[in-house]
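Below: one structure, written as structure tokens.
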Amino acid sequence: MLRALSRWWRSRSEAAALRRRPIPDDLWKRTLVRYPFLRTAADPQGLALRRMTSLFLDRKEFTAVPPLRLTNDVVVAVAAQACLPVLQLGLHHYDGFVGIVLQPDQVVAHRQHLDEDGVLHEYDEVLSGEAVQGGPVMLSWRDVRGSGRSAAEGYNVVIHEFAHVLDMEDGLADGVPLLPPDIPRALWLQTLGAEYEAFAARVDAGEDTALDPYGAHAPEEFFAVASEALFVAPERLQAEHPAFHRLLARFYRLGIAT
């Protein structure tokens, strides 16, 4: 009885959200043209994604740093790309944060790092995006806007940062998200560790890689760059990391044969 009541209440709540945040047909068509990777084999017209995008827009708060303005095209572009990784997992995986901050372009962040010897290192880092525990998620609109073109290179800042959100769902940024029962933690750790170490060695050796070399920074970054490639250029991931490609597809429930 309680479960049925919960389903009824959730259905009613989502129906109200869809009425509050409808996406016009012409806007959705423009979005699919600008970002072709949003059309998937399981959802070629993006109907399920369009529905989830409306729900996302109803639950999240967007802030734009001037001179960028929050137009419908801007927020739908971000929301649709953010929903793609959780289309089969469920939007509740993003319940741990609310805010999304859009910068017009990349930003420079001042960093401090205390090494094992107690020496403090200070440096500047150029960021296209950043996700922190509990939010907000920061994104460069210039990178988001160009994600239709950069997809061929396996690059997508929105999916990258929202992969970090999934990774941090258990409170840790370590490349190990909350795993479903059918994926043993030992299998994930073994596969992630082997794939990351091999990838980092290739990057250190100066070799060209199908994935963004930034993934060599840490296992959590390898998980994020592999996730973005999985959704926008899966052939790049499969060519060099077939084992992790299969495991990621299982995690995101993409129905790829293993």
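Read-outs throughout are calculated quantities, based only on the coordinates presented, and are distinct from any laboratory measurement. Remember, predicted model here, so these are calculated numbers, not experimental data. All Cβ positions, glycine included, derive from the backbone under ideal geometry; neighbour counts span all protein chains shown.
Amide H contacts of Leu87 (H built 1.01 Å from N, in plane; Pro and chain starts excluded): no residue 5 or more places away or on another chain comes under 5 Å.
Kirkwood radius for region 126-166, taken over all pairs of different Cα atoms as the inverse mean of 1/r, rounds to 10.4 Å. Phi angles across region 43-48 convert, under the Karplus curve 6.51 cos²θ - 1.76 cosθ + 1.60 with θ = phi - 60°, into 3J(HN,Hα) values of 9, x, 9, x, 5, 5 Hz, Gly and Pro given as x.
Rounded to the nearest 0.05, what FRET efficiency do Glu235 and Val33 have when you use their Cβ-Cβ distance and R0 = 22 Å? Approximately 0.50, to the nearest 0.05. Our coupling estimate for region 146-158, obtained by passing each phi through the Karplus curve with A = 6.51, B = -1.76, C = 1.60 and θ = phi - 60°, is x, 5, x, 7, 7, 4, 4, 8, x, 9, 7, 5, 5 Hz, Gly and Pro reported as x.
Once the Cα-Cα distance is subtracted from the 0.36 nm per residue extended length, the Ala201 to Arg7 segment shows a gain of 64.9 nm. Separation of region 24-86 from region 92-113 is 18 Å, based on Cα centroids.
The alpha-carbon atoms of the chain, seen along their principal axes, cover 55, 46, 36 angstrom, with the largest extent given first.
Amide hydrogen proximity for Gly46: with H placed 1.01 Å from N in the peptide plane, the residues at 5 or more positions away or on another chain lying under 5 Å are Thr40.
A simple count of charges around Lys29, restricted to other residues whose Cβ falls under 13 Å of its Cβ and scoring Lys, Arg +1 and Asp, Glu -1, yields +1.
DSSP beta bridges in the chain, what fraction antiparallel, as a percent rounded to 5?
Values: 11 of 19 bridges.
Around 60 percent of the beta bridges assigned by DSSP in the chain are antiparallel ones.
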